[in-house]
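Here is the structure we will look at, set down as structure tokens.
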Amino acid sequence: MREILGRRRRLLSKRRNDGTPDPISAALTFATEWQWPVLPGVAPDPQGRGRCGCPDPECTVPGAHPFDPGLLAATTDARMVRWWWTNRPSAPVILATGGTAPCAVSLPALAASRALALLDRRGMRLGPVVASPTRWALLVEPYSMEQLGELLYAKDFVPGSLRFHGEGGYIALPPSETGTGAVRWERAPLPGSAVPWVPDVEAVVDAVVDALTRTGVSAPEL
């Protein structure tokens, strides 16, 4: 048992030259410490920038989605996570959203940057925010499709660029490398917390929609 724990500590302490954790270390933290089900994603196509390693030449989320194994294989089992990333050490880390794991609300990077700046000025508490070069995702409490439907129905306007990653969805987590670039924490989980706190989806959607309206983000940017 001591030997196993020792190997795990050494594994979790591994970091890249830039100080960020290796994907395997991050994946083990998500799965075993936070109980977030993860699985490896498709790596970007090394032969073409912005292209995915999957068979779909029109892939809209290059390198940032599951393929083999499929999403249903997502797990919190340390042995499976270690086996996956030992064999595919640079694979993106994909979170299967919903269930016991956080869900997410995502929007284009520029709009997200403006919205978060306004929410900061208002003093709103947000949870972790995952950023890629093209989109940012705000993690929220798990929600049902029925809850989401009621929330959206009650609104006069919801930007079409908002995406909702609920049950059966997924997002790439840091420190993944995808076809559009590196995935990082724009707002990292608070250090020392056993499981990162995330806000209610209704509070986040209300605040984000209001912020986008007030900052005057034009339709093409949404």
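The values are calculated or read from the model by the stated rules, or taken from the named source; none is laboratory data. Computed from a prediction, not measured in an experiment: that's the story for all the values here. So basically every Cβ, Gly included, is an ideal-geometry build from the backbone, and we count neighbours across all protein chains shown. In case anyone asks, the SASA skips ligands and DNA or RNA and just uses the protein heavy atoms, side chains included. Shrake-Rupley method; radii C 1.70, N 1.55, O 1.52, S 1.80 Å.
For this structure, a couple of remarks:
- Cα gyration tensor, region 97-222 - rounded (a/c under 1.5), prolate or oblate: rounded
- Amide H contacts of ARG135: ALA109, each under 5 Å away and 5 or more positions distant or on a separate chain (H built 1.01 Å from N in the peptide plane; Pro and chain starts excluded).
- Since only THR75, VAL129, VAL140 are under comparison, the one whose Cα sits farthest along the positive direction of the charge dipole of region 73-168, derived from C-beta charges on Lys, Arg, Asp and Glu, is VAL129.
- Over the chain, DSSP H runs of length four or greater, each weighted -39,500 (n - 2.57), average out per residue to a 222 nm ellipticity of -9000 deg cm²/dmol.
- For the chain, built as a Gaussian network whose Cα springs stay under 10 Å, the top-fluctuating residue of ALA188, ALA211, ALA137: ALA188
- Farthest positive-ward along region 52-121 dipole, Cα basis, beta-carbon charges - from VAL61, ALA112, ALA96: ALA112
- For THR178, residues with placed amide H under 5 Å, excluding near neighbours: VAL183
- Computed from backbone phi with θ = phi - 60° and the Karplus coefficients 6.51, -1.76 and 1.60, the 3J(HN,Hα) list for region 115-123 is 5, 5, 4, 5, 5, 4, 5, 7, x Hz; x is used for glycine and proline.
- Across the chain, Cα pairs under 8 Å and at least six residues apart give a relative contact order of 24 percent.
- Summarising the amide proton neighbourhood of ARG51: residues at separation of 5 or more, or on other chains, whose placed amide H is nearer than 5 Å comprise ASP45.
- Size of charge dipole - region 108-222 - debye, nearest 20, with Cβ of Lys, Arg +1 and Asp, Glu -1, no other charges: 480
- Angle of helix 201-215 to the longest C-alpha principal axis of the chain, folded into 0 to 90 degrees and rounded to 10: 60°.
- The packing ranking, built from the mean of other Cβ atoms within 10 Å per residue, places the peptides 57-70, 144-157, 83-96 in the order 83-96, 57-70, 144-157, highest first.
- Reported to the nearest whole Å, the Cα centre-to-centre distance from region 116-171 to region 55-99 is 22.
- Just checking the listed ones, PRO37, PRO191, PRO102: in the Gaussian network model of the chain with Cα springs under 10 Å, the one fluctuating most is PRO191.
- Region 35-127: C-alpha gyration tensor shape, a/c 1.5 cut-off, then a/b vs b/c: oblate
- Of the residues LEU107, LEU118, ranked by 1.4 Å probe accessible area with the largest first, the sequence reads LEU118, LEU107.
- Backbone HN-Hα couplings from phi across region 157-167 [Karplus 6.51/-1.76/1.60, Hz, Gly and Pro as x]: 8, 9, x, x, 7, 5, 10, 10, 10, x, 4
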